[in-house]
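The values are calculated or read from the model by the stated rules, or taken from the named source; none is laboratory data. The model shown is predicted, which means the values in this text are computed figures rather than measured ones. Please note: Cβ atoms are built from the backbone with ideal geometry, for glycine as well, and neighbour counts cover all protein chains shown.
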Amino acid sequence: MGPPKKEQEEEEEQSIILISDDESETTLGNSVLLVDPLSKPALEEEKSEEVVDEECELMVTFCKQANVMPHARHDCTIHPFERTECDRCSPLGKNADICDQCYCYICDKLASECQNWTTPSLCHCNAHNKSKFWKDQRDFALAGVLVMFGFELTDIDAELRRGGDLLLKFIQELSVEYNKYLIGERMPSIQEECFCLPKLPPGQCNVCRSRNTEVVYRYSGVFALVTRFLNQAETESPKAAAVMLLGAAKEIALHKDPALSWQNLGHTASLKVAVPCLLQRITTQLQRMLVLCDFPKSLYEKFISFFQSISLPCHCFGFSNSLNVVPWDHGLLTTVLKGQNITGHRTQKGRKVFLWEALPVIEARVEKLEDNMNYKEVVRYLRAVKCNDTIGLRDLRDKIPFYLCKSGDFLDATHSLLFPVGSLACCTACRLTPCQFEVYLKMFRTGSVPVGKNMLDSGPWLTVGSPLKNGVLIKQALRLLYSNISLYRNPKCWSSLIMILGSSSLLERSGHLHPLTLKEPPLDFQKGVLAVGGGLLEDLKARINVSLPSAIFTPHLHHEACLILAVQAVQQMLFCDLPYLNSFLEITLAFGNNFWALRLLLEHLSYEEHILQGTVNLILRDLNRQKATMFKLWQNLGPQYVGEFLCLFLTCRHRKMQSIGLFALNIITENLHVCPWAKHLCNFFHNVGLRHLPLGTAAHNEVSKFINIFEEL
C-alpha cells in the first residue's frame, strides 16, 4: 500500500478508486474497483481519513462520479429492460422508461426523438440486439431499400445510399402506374347481332353490350416511367446506377399480364414484349458495368447474387444467366490474356470449358483493354473468346490487324488481314473499305499508327515500330486487292498503292507522307521486272506464296522495282475490269513526279484499242467534271509539274492520248484569270522546245496558240 493522500477539496463530487493487492479477491477480476459515491454523508465524516475496505484490503484514494455515456436502451444501467423476440404491440415492463443518454436501437438516435418509441405495432422501446427480428428491423431502418441487396452496413456509402433513395422513390411511383395498368381500359368491341329475347337492334341491348365490352391493358405508361428511370440511372455514379438497374429489374419481373388472351398492342403497350425489351437494356448496361467499373469483390458478387435471386417470368427466362460475368481475375480469362492459352478452352473435371461471353461483355472488355493500351492482350482475347453473336464478334475481330499495328507487329497485322480468325468464313480483307486500305498501307510503309482508337480519326501519328520492306509491302498490298473485288475495282485503292510506293517511309506527325522523285531506271531493268512480274502477279492472285527475285529487286532499285510491278498490276486490272471503273484521273495523279512510271503505264495501254479508248474517255470525263479541283492542285504543284504532265500526254505517239493533253491545255487557256502560273508554263514549253517537237497538227496548233498569247502581252 502506498502512503495516504492529502485531503483534497472537491467542488461538487468525489471519486473513489479502490486498489487491491490480490486481484482474485475482487468482484471485478482486476486490481481497480470503482465505487459509486452516492452516500456522501458517510464520506464526508471520514473526509480527512483514508477509506479502507478491510474485507477486501482496499484503500480509497480518489473518488469521482461516473459520466453516463450514450447507450442503447437495452444496455441502460438505470432502468431495467425486458427482452422478448419480437413483441411490438405495446411497451414491455419499464422498457419505455429512458435516461438522457438512451438511444433507439432501430432509429439510431436519442430515444426521446424516436417517433415510434411507444407506437402500437411498432414499439421501438422493446428492440434489442439479441433478436433476429429486431436486427432485421434495424438493418431496414438504416439501409432502407438497400437491405434487400444483403449489404453490410459498412458497405453502404454515399453512392449506394443515393441509389437506394432514388430506387425507393421509383418503386413508389411505379406502384401507382402499375395499378393503373391492372385496371385496364374498357373498349367497346364491334357491334354484333343481339341473341336475347326479345331481340333488339345491334348496340341497343345492354346485356350484349356488356358481354362484348373488352378490357385492354396497355403497359405504355409503365414502360415510359421505367425508361425515364433507366435514363436517369445512366447519369448516376456506377454504384448508384447498379442499385437502380437491379432494383428496376426486380420490380418489372414481378409484373403480370392480367389479359386472358394475347393482345397485340405494340412493343411498349404489350407487357410480354415490353418487359423483355427493358430487361435487355438493363442487363446489357449491367454487363458493361461489371466489366468496366472496379467494384469491390464483395459488392460485385452481391450484385450478381441479387440478380440471380430474381424470379423471372417465363417470357424472360432467356435472361437467367445474363449477369454470370466472369471477373478479370478468373483463371481461364487470365491465362488467355497472358498468352498462356491461345485456344480459349481448357479441360476441367473431364470436360471442356470454353471462354464464352455475351457480346456486350466482350465489347466492354475490349474497351477497357483499349483504354489501358493493352493491345497484345486484346488480340489474344478476341482470338480466343466465343460468342453467340457471330456477326458482332466478327466486327470486333476485324480490328485485330489494327491492334497489332498499334503494338508494332506490322507483319502479323498483314497476315491477320488475309487469314480468317477461328471459325469465320472469310478474312478481314473481304470487308475493308478503300479508306481503311489506304491507312493500313500507310502504317505498313511508315511503321507509324494513329494515336486515337479509330484508325480513320484525323489526329497525330506516332512511330511504334519498323516499317515493312518494300517487297513485303507490295506483295501484301496486292494480296489484299486480290482478296476483295470491291477494292480491286476501286481506282482510289490503286492510286493509294501507287502514291504510298512513291513516298518516303518518314511520316509527319500530322500523318502526311513525303513524296519521292525516283530517277528512271535503265530500260533493261524495267524489262527485267516486267518479264518476271506477270508470273508473280498470277501466283499472288492464286494465293501462292512467292518471293521476289533478288536479282531484280535489288537494294538500290527496290523502290523503282515495286513501282513497276504496281504499274503492271494496274494494266492487268484495266484489261479485265475497265468497265467497272468510274474514274482514272486519280490513278494518273498518284504517280506524282515519277512521270517515267506513268509513261510506262500509258504505253502499255496503247496495245489494246478498246482499253486505250476507254481509259482516255475516263480521263477526259474526270478533267471536265473536276476543273476547279485541278486548278487547286496545279496551283499547289506549280508550273513545272503542270508542264511535265501536259508534255507527257502531248508527246504520246498515240493521238488519242494527245487529246488528254490538248483538253487540259484548253482548260488552262480558257481560265487564265485563275491561273497566275500560266506564264511560267509558257516558259517551260519554250525551254523543252515543245513547239518544235514532232507533234500532231492539232497539238502543234494548240501549243502555238498558247505560247502566242503570252508573247503578245
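Some observations on this one:
- Pairs linking a residue in segment 264-275 that is at positive phi to a residue that is of a type in the set (A, V, I, L, M), with Cβ atoms under 9 Å and 6 or more positions apart or on different chains, are Gly266/Val273; Gly266/Ala274.
- Qualifying residue in segment 105-118 (condition: among the hydroxyl-bearing types (Ser, Thr, Tyr), over 30 Å from Met244 (Cα atoms), in contact (Cβ under 8 Å) with a residue 12 or more places away in the chain and not in a loop (DSSP other than H, G, I, E, B)): yes
- The number of residues in segment 480-497 that are under 32 Å from the mean Cα position of the chain (by Cα) and either assigned to a helix (DSSP H, G or I) or surrounded by fewer than 19 Cβ atoms within 10 Å (Cβ to Cβ) (or both) comes to 9.
- Against the list (1) surrounded by fewer than 17 Cβ atoms within 10 Å (Cβ to Cβ); (2) more than 42 Å from the chain's Cα centre (by Cα), the condition Ile544 fails is (2).
- Filter result (without any contact (Cβ under 8 Å) to a residue 60 or more places away in the chain and surrounded by 12 or more Cβ atoms within 10 Å (Cβ to Cβ)) within segment 547-560: Pro549, Ile552, Thr554, Leu557, Glu560
- Pair list, Cβ < 6 Å and 6+ apart or interchain, from segment 453-469 residues that are under 28 Å from His559 (Cα atoms) to residues that are hydroxyl-bearing (Ser, Thr, Tyr): Trp461/Ser448; Thr463/Ser448; Pro467/Thr446; Pro467/Ser505
- When restricted to residues that are in contact (Cβ under 8 Å) with a residue 40 or more places away in the chain, surrounded by 20 or more Cβ atoms within 10 Å (Cβ to Cβ) and either not assigned by TED's automatic domain parsing to the domain that holds Glu702 or not aromatic (Phe, Trp, Tyr) (or both), segment 643-656 contains 3.
- With respect to being farther than 29 Å from Leu246 by Cβ, touching a residue at least 12 places away in the same chain (Cβ under 8 Å) and over 17 Å from the mean Cα position of the chain (by Cα), Leu411 fits the description.
- Scope segment 670-687; condition within 13 Å of Val642 (Cα to Cα) and assigned to a helix (DSSP H, G or I); matching residues: Ala678, Lys679, His680, Leu681, Cys682, Asn683, Phe684, Phe685
- Taken over segment 119-151, the criterion of being among the polar types (S, T, N, Q) and closer than 26 Å to Met244 by Cβ is satisfied by Gln137 alone.
- Screening segment 335-427 for helices (runs of 4 or more DSSP H) wholly inside it with 3 or more residues that are more than 30 Å from Asn470 (Cβ to Cβ) returns the ranges 359-371, 375-384, 390-397.
- Taken over segment 167-197, the criterion of being at pLDDT below 65 and of a type in the set (D, E, K, R) is satisfied by Glu192, Glu193.
- Looking across segment 585-634 at every residue that is aromatic (Phe, Trp, Tyr) and buried (at least 20 other Cβ atoms within 10 Å of the Cβ), the one that is nearest to Ala531 (Cα to Cα) is identified as Phe591.
- Selection status of Phe575, more than 20 Å from Leu501 (Cα to Cα), over 44 Å from the mean Cα position of the chain (by Cα) and among the hydrophobic types (A, V, I, L, M, F, W, C): yes
- Counting only residues that are of a type outside the set (A, V, I, L, M) and surrounded by 13 or more Cβ atoms within 10 Å (Cβ to Cβ), segment 309-326 holds 6 of them.
- Members of segment 500-539 found to be buried (at least 20 other Cβ atoms within 10 Å of the Cβ) and under 20 Å from Ala429 (Cβ atoms), listed by number: Ile500, Leu501, Leu536
- Considering (1) surrounded by fewer than 16 Cβ atoms within 10 Å (Cβ to Cβ); (2) touching a Ser or Thr at 6+ places or on another chain (Cβ under 6 Å), the lone condition that Phe354 does not fulfil carries the number (2).
- Reported count of residues in segment 121-177, each being in contact with an Asp or Glu (Cβ under 8 Å, 6 or more places away or on another chain), surrounded by 15 or more Cβ atoms within 10 Å (Cβ to Cβ) and either outside any helix (DSSP H, G or I) or of a type in the set (Lys, Arg) (or both), is 4.
- The set of residues from segment 587-631 being touching a residue at least 60 places away in the same chain (Cβ under 8 Å) and not in a helix (DSSP H, G or I) comprises Ala590, Phe591, Gly592, Asn593, Asn594.
- Taking the numbered list (1) touching a residue at least 60 places away in the same chain (Cβ under 8 Å); (2) assigned to a loop (DSSP other than H, G, I, E, B) in turn, Ala566 passes all entries but (2).
- Residues (without any contact (Cβ under 8 Å) to a residue 40 or more places away in the chain and either surrounded by fewer than 19 Cβ atoms within 10 Å (Cβ to Cβ) or more than 17 Å from His514 (Cα to Cα) (or both)) located in segment 436-452: Gln436, Val451, Gly452
- Of all residues in segment 684-708, those that are among the small types (Gly, Ala, Ser) have Cβ atoms under 7 Å from Cβ atoms of residues that are modelled with pLDDT under 80, 6 or more apart or on another chain, in Ser704/Arg691.
- Filtering segment 528-575 to residues that are modelled with pLDDT under 90, of a type outside the set (A, V, I, L, M) and within 25 Å of Phe419 (Cβ to Cβ) leaves Arg543, Asn545, Ser547, Phe553.
- Here Asn582 meets each of (1) more than 41 Å from the chain's Cα centre (by Cα); (2) over 25 Å from Leu418 (Cα atoms) with one exception, condition (1).
- When segment 79-115 is limited to residues that are hydroxyl-bearing (Ser, Thr, Tyr) and touching a Leu at 6+ places or on another chain (Cβ under 7 Å), the one that is farthest from Val147 (Cα to Cα) turns out to be Thr84.
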